[in-house]
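Reading through the structure tokens given below for one structure.
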Amino acid sequence: MKKSWVYAIVSVFVFATAYLMVFAFWHRTNTELLFLILSIYALVSVSISFLSVYLWNRTKQRAKAASNRRLHRFLTHLSTPAMLWDDGMNHILINDRLRKIIGTDAENEETPDPNLLLPLLFNKEEFNEDALKEIVSSNQKEYSFMTENGVRHDMIWNTSVVETDDKGISKFISIGTDLAEIRAMESELKYYTKKLAASEGKHALSMELTEIGILLGEQGSRLIFPSKELQKMLGLSGDAVRIEELRSHIYPEDCEAFDRHILTMRHRMHEYLNEIHTMELRLYSADGQLRWYSYRFKATRMTDSGKLVVGGAILDQTTEKEKDAEIERIAYMDSVTEGPNRNRLMQVGREHYQETEHSDAQYWVIALDIDKFHLINDTCGYDSGNELLRHFFHVIMNTIGAESFAARISGDNFALIVPCTEDDNFPQQLLADIQTGFGKVMEGTFANSSLTCSAGYAKMPQDGKSFEEVLEHAEFALSVTRPERSCINPYTHKMHDTIIHENDIEMRLTDAVRQQSFVLFYQPKISLKDGSVIGLEALVRWKQPDGSLLMPGDFIPIAEKSLLITEITRFVLHESCRQLKEWQALGLPKLVVSINVSSTDFYQNNLHALVTQALDTHQIEPCCLEIELTETLALKDIDVSIAQMEQIRASGIQLAMDDFGTGYSSLGYIQQLPFTMLKLDRQFVSNMTDDPVVQEILSSIVRIAKAKHVETIAEGVETAEQAKQLRLCGCEYGQGYLYGKPMPADQIETFIRDNLVHKKVY
Ligand code: C2E
Ligand code: MG
Ligand code: MG
């Protein structure tokens with residue numbers, strides 16, 4: 001029933017009731033009064049009904065308005081195209097999304113004409129009942145339309161009836177799906193799915209190629225999640241395995257470290273958050289081989305669940321480890337003996353030194369050297385030399401105990417670290433045992449079984465502040481043994497003082513060389529036949545700041561070690577030539593001045609050039625200069641020696657063999673080496689008078705020398721008796737305190753002038 005009819009009926013009823021009430025009031029009887037009351041009652045109830053209908057309608061309208069607003073809001077906020085329309089083509093409301101598609105002006109909120117828009121969107125010319133039925137029922141049908149700007153859209157409309165009003169006009173809501181968007185999304189999805197698959201493939205491939213295994217574990221869980229690669233690497237049983245299964249692959253010695261890691265991760269993972277840690281583990285791989293792995297892990301909190309997890313990468317390091325081991329082996333191995341080398345010795349030595357600092361342990365550090373090893377190299381060749389070194393090392397290894405350590409540290413030098421025993425003579429005993437073993441090996445392999453070895457030793461920690469220092473002291477003690485054979489020397493504090501003293505001398509000597517703080521003394525050489533001065537030996541002295549003079553024995557050996565000797569030799573050469581020139585200018589008879597040269601001058605410098613330069617500078621005839629070389633110096637490298645000496649001789653300079661009789665004297669060398677003078681050592685001379693055998697030997701030497709046109713001079717002649725004996729032996733010249741001590745240049749002039757007048761023959 002329509003609302004207006006209800007209002008009409010109710011109004012007629014109200015007027016009729018009102019008329020009856022007035023009528024009943026004017027003609028009131030009892031019956032009429034009852035009628036009046038009933039009428040009032042009817043009027044009141046009808047009014048209440050009327051009021052209720054009114055209020056109900058109003059609420060309904062308001063609810064409808066609210067629902068419409070909600071519907072509008074919903075429509076506006078929908079991100080997909082949507083519209084609200086009615087089949088009476090009165091109103092149409094479209095949301096922004098649809099507005100954008102069809103291209104209506106959103107800013108002006110232009111209302112589209114439903115008569116134009118709906119046929120366009122639904123491809124319908126007429127909205128009859130069938131068409132509407134189709135629109136509402138088919139929610140998968142595609143409708144295509146072309147917008148004004150020529151863009152084609154394919155849409156699926158999902159339409160439902162919202163309400164139908166009194167006039168039978170229905171309101172519809174249509175929510176559209178833009179198929180172009182869906183298709184784009186689909187293709188994008190396909191693209192990303194493909195990309196993801198590819199990147200997952202790449203990830204798996206790179207993991208496989210780099211052999212990196214990944215594992216994940218959650219705090220509090222005993223399960224871990226290994227990657228496929230890790231499962232393959234270790235032969236794990238699946239995507240989730242118990243910690244115990246992983247632990248069963250760990251090398252027993254590394255289990256403790258792994259357990260500690262698991263405990264830390266279980267209870268204190270939060271302390272390790274976001275820091276990368278690395279540990280090394282040895283694991284049994286799937287094929288049962290024990291391999292080295294590096295395990296890098298990091299604890300982190302998951303952003304979604306907030307749980308603490310630990311992620312780790314396991315990388316096979318076996319090849320690198322093997323390479324490292326090989327490099328270490330090469331770095332610490334001596335290629336000749338295949339035993340430890342100096343680097344390894346230093347490593348072991350430092351460890352032992354540290355041990356002595358924290359315990360009662362003490363060690364002998366013994367430096368060993370094969371005496372005259374160079375002779376094997378020179379005579380038998382390097383291969384034989386190497387073989388000898390190998391034998392020697394094996395003898396050492398067989399002699400020292402398992403607690404001891406031995407290494408070849410250079411050439412024929414070896415070092416041992418041996419635990420100290422109560423017996424202080426233990427190093428001597430050890431050297432004797434090594435010597436015996438060495439002798440036996442030599443008998444079997446080398447014809448020359450007389451090879452011996454020498455040693456120096458120091459005690460650790462007493463004899464040095466570090467292992468380096470103890471070793472240095474042992475080597476120093478060894479150097480003191482030379483040139484004796486098969487000798488062993490302990491390091492003493494006196495030696496230490498010597499080192500300090502030598503260091504001090506060396507430093508001061510450097511300044512002295514710069515300032516030329518040297519002076520030459522000259523010692524006359526006398527003819528035993530007529531007592532005349534035939535020459536002078538120049539002997540250097542070092543002037544000290546206090547005016548005293550330091551003797552050559554106190555500084556020449558140090559100068560030789562530090563190469564300062566070259567500068568000293570240069571000074572001596574120039575000064576003696578200058579002085580000789582001065583004496584010549586003073587009209588003194590023709591004299592030969594001798595100078596002493598050391599091994600360094602002879603082998604490392606161009607001595608010939610140095611000497612000729614001095615002679616040229618001072619205009620001295622070469623025959624006025626004599627060079628004295630000791631026989632040990634001359635025999636060090638005989639080929640170089642001969643070449644150097646011949647060059648000197650060819651210039652007309654004289655050559656004397658100094659200190660003959662102190663070394664391994666062999667008269668054979670007189671034939672080989674181009675000497676012009678043989679200087680018989682002082683010891684020879686001092687023993688001569690009491691020993692007829694010495695006299696005999698001396699006579700033979702002089703005879704042989706003469707046969708080779710080599711003259712002889714005796715050093716250290718102190719007595720007239722010695723001078724007489726020497727003359728009887730045929731020796732031509734003498735030098736010694738009997739005639740004159742080394743003296744400054746000004747005294748020499750007087751000496752020579754005096755000698756010209758008073759010659760004395762003993
Ligand atoms: P040397 O060449 O054998 O010199 C002879 C040494 O014997 C000198 O000692 C001399 O003072 C000493 N002497 C000479 N006659 C007697 C004697 O009758 N009795 C005794 N007991 N000694 C006597 P000095 O001057 O101390 O020289 C020692 C050594 O130092 C020299 O021995 C020489 O090898 C070396 N030397 C000296 N000057 C130089 C130099 O300028 N250069 C080099 N490289 N060495 C030098
Ligand atoms: Mg000399
Ligand atoms: Mg001498």
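Values as computed for the structure displayed
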{"item": "Given (1) within 30 Å of LYS228 (Cα to Cα); (2) of a type in the set (Lys, Arg); (3) in contact with a Leu (Cβ under 8 Å, 6 or more places away or on another chain), index of the condition LYS372 fails", "result": "(1)"}
{"item": "Options ILE212, ILE182, ILE173; residue that is farther than 30 Å from LYS298 by Cβ and modelled with pLDDT of 80 or more", "result": "ILE173"}
{"item": "Cross-chain or 6+ apart pairs with Cβ under 9 Å, the stretch 332-345 first and touching a residue at least 40 places away in the same chain (Cβ under 8 Å), then assigned to a loop (DSSP other than H, G, I, E, B) and among the small types (Gly, Ala, Ser)", "result": "ASN341/SER335"}
{"item": "Residue match in the stretch 138-147 (condition: assigned by TED's automatic domain parsing to the domain that holds SER174 and either touching a residue at least 40 places away in the same chain (Cβ under 8 Å) or in a helix (DSSP H, G or I) (or both))", "result": "yes"}
{"item": "So THR356, is it among the hydroxyl-bearing types (Ser, Thr, Tyr), closer than 23 Å to VAL470 by Cβ and assigned to a helix (DSSP H, G or I)", "result": "yes"}
{"item": "Residue, farthest from LYS525 (Cα to Cα), within the stretch 689-713, restricted to residues that are free of Cβ contacts under 8 Å to residues at least 40 places away in the same chain and within 16 Å of ligand 1 (Cβ to nearest atom)", "result": "THR689"}
{"item": "Tally of residues being crowded, with 17+ Cβ neighbours inside 10 Å and not aromatic (Phe, Trp, Tyr) across the stretch 349-369", "result": "8"}
{"item": "Unmet criterion (only one of (1) within 23 Å of ARG70 (Cα to Cα); (2) at pLDDT below 85; (3) outside any loop (DSSP other than H, G, I, E, B)) for GLY168", "result": "(3)"}
{"item": "Residue in the stretch 402-426 that is surrounded by the most Cβ atoms within 10 Å (Cβ to Cβ), counting only those that are in a loop (DSSP other than H, G, I, E, B) and hydrophobic (A, V, I, L, M, F, W, C)", "result": "CYS420"}
{"item": "Residue count, the stretch 359-401 (criterion: closer than 22 Å to ASN489 by Cα, in contact (Cβ under 8 Å) with a residue 40 or more places away in the chain, part of a helix (DSSP H, G or I) and of a type outside the set (A, V, I, L, M))", "result": "3"}
{"item": "Qualifying residues in the stretch 645-654 (those that are more than 16 Å from ligand 3 (Cβ to nearest atom) and on the phi < 0 side of the Ramachandran plot) - the one surrounded by the fewest Cβ atoms within 10 Å (Cβ to Cβ)", "result": "ALA650"}
{"item": "Members of the stretch 457-508 found to be among the basic types (Lys, Arg), surrounded by fewer than 19 Cβ atoms within 10 Å (Cβ to Cβ) and outside any loop (DSSP other than H, G, I, E, B), listed by number", "result": "LYS494, ARG508"}
{"item": "Members of the stretch 171-195 that are assigned to a helix (DSSP H, G or I) and either within 15 Å of PHE122 (Cα to Cα) or in contact with a Gly (Cβ under 9 Å, 6 or more places away or on another chain) (or both)", "result": "LEU179"}
{"item": "Qualifying residue in the stretch 317-331 (condition: among the aliphatic types (A, V, I, L, M) and more than 22 Å from the chain's Cα centre (by Cα))", "result": "no"}
{"item": "Close pairs from the stretch 677-688: first assigned to a strand (DSSP E or B), partner modelled with pLDDT of 90 or more and more than 12 Å from ligand 2 (Cβ to nearest atom), Cβ under 6 Å, at least 6 apart", "result": "MET677/GLU711; LEU678/ALA705; LEU678/VAL710; LEU678/THR712; LEU680/ALA714"}
{"item": "Qualifying residue in the stretch 507-522 (condition: within 21 Å of GLN362 (Cα to Cα) and in contact with a helix residue (DSSP H, G or I) (Cβ under 8 Å, 6 or more places away or on another chain))", "result": "no"}
{"item": "Extreme residue, farthest from SER686 (Cα to Cα), among residues of the stretch 709-724 that are part of a strand (DSSP E or B) and within 15 Å of ligand 3 (Cβ to nearest atom)", "result": "THR712"}
{"item": "Out of LEU118, LEU93, LEU132, sole residue that is hydrophobic (A, V, I, L, M, F, W, C) and within 25 Å of GLN61 (Cβ to Cβ)", "result": "LEU93"}
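Residues checked against (1) outside the structural domain of SER532 (by TED's automatic domain parsing); (2) at pLDDT below 95; (3) surrounded by fewer than 16 Cβ atoms within 10 Å (Cβ to Cβ):
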site	(1), (2), (3)
LYS561	no, yes, yes
LEU564	no, yes, no
LEU573	no, no, no
ILE595	no, no, no
TYR603	no, yes, yes
ASP637	no, yes, no
ALA643	no, yes, yes
ALA656	no, no, no
GLY668	no, yes, yes
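The values are calculated or read from the model by the stated rules, or taken from the named source; none is laboratory data. Small disclaimer: the values here were computed from a predicted structure and weren't measured. Don't worry about glycine lacking a Cβ; one is built from the backbone with ideal geometry, like all the others, and counts go over all protein chains shown.
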